[in-house]
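Structure first, then comments.
The values are calculated or read from the model by the stated rules, or taken from the named source; none is laboratory data. Given the structure is predicted, the values throughout are model-derived calculations rather than measurements. Backbone-built Cβ (ideal geometry, glycine too); neighbour counts: all protein chains shown. To get the accessible areas, we keep the full protein, side chains included, count just its heavy atoms, and leave off ligands, DNA and RNA. Shrake-Rupley method; radii C 1.70, N 1.55, O 1.52, S 1.80 Å.
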Amino acid sequence: MPIRLVLAEDHYLVREGVRRLLEAQPGLEIAAVCGDLDSLLEAVDREGPDVVVTDIRMPPTNTDEGIQAAEAFRDSHPKLGVVVLSQYDEPEYAIKLLSRGAAGRAYLLKDRLFDASALLHAIRAVAAGGSVLDSQVVDGAMAARIPCASS
């Protein structure tokens, strides 16, 4: 059984590039492609995917729609995996994404995806209930939460 995906990204070139990359992978099936939060929510309800791959910021407000969707899916689709793609190395975003648990959640930085393998790993991991966090985001979160020890 292939992993069924919904892809949400508001920038056309990025959306089409990721879509083509994912379509070329064995074991993955693109069920829907969206450009904003409302169409993402509708596509998930309609298609019943295994995983959502979403940009962090999309219309209507371009703030944190990808994380808002991931939070809503905890209640409406609790087994749905979510991979958030972000250009923002902000620990607060990752903390908010994981506030109700890490299972089935991934937070990846777009500028650190050097090839398809990291994205594919994250998709497979969240589909199986696991989690993936970019190490740079984890380092930032730890630095923000742990005060330096004085000598």
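How would you classify the stretch 9-84 from its alpha-carbon gyration tensor, with a ≥ b ≥ c the square roots of the eigenvalues: rounded for a/c under 1.5, else prolate if a/b is greater than b/c, otherwise oblate? Note, shape of the stretch 9-84 comes out oblate. Ordering 131-139, 48-56 by mean Cβ neighbour count within 10 Å, with the highest value first, yields 48-56, 131-139.
Charge tally for GLY66 (other residues, Cβ to Cβ under 9 Å; Lys, Arg +1; Asp, Glu -1): -2. Annotation: GLU92 carries an accessible surface of approximately 110 Å², with a 1.4 Å probe and no ligand, DNA or RNA atoms counted. By definition, a body whose alpha carbon gyration tensor gives a ≥ b ≥ c is oblate when a/c is 1.5 or more and a/b is not larger than b/c, and the stretch 69-151 fits this oblate description. Once backbone amide H atoms are built at 1.01 Å from N, CYS34 has LEU7, ALA8, GLU9 as its partners under 5 Å, excluding neighbours fewer than 5 places away on the same chain.
Taking the Cβ of ALA32 as the centre, find all other residues whose Cβ is under 11 Å away and add up their charges (Lys, Arg: +1; Asp, Glu: -1).
-1
Taking each DSSP H run with n ≥ 4 as -39500 (n - 2.57) and averaging over every residue of the chain yields -13000 deg cm²/dmol at 222 nm. Here the accessible area is traced with a 1.4 Å probe on the protein chains. For the stretch 1-76, carbon and sulfur cover 51 percent of it.
Which order do the peptides 6-12, 107-113 come out in when sorted by mean C-beta neighbours inside 10 angstrom, highest first?
Numbers: 6-12: 20.6, 107-113: 17.7.
Top of the packing list down: 6-12, 107-113.
For a Förster distance of 22 Å, can you work out the FRET efficiency between the beta-carbons of ALA143 and THR63, rounded to the nearest 0.05?
0.40
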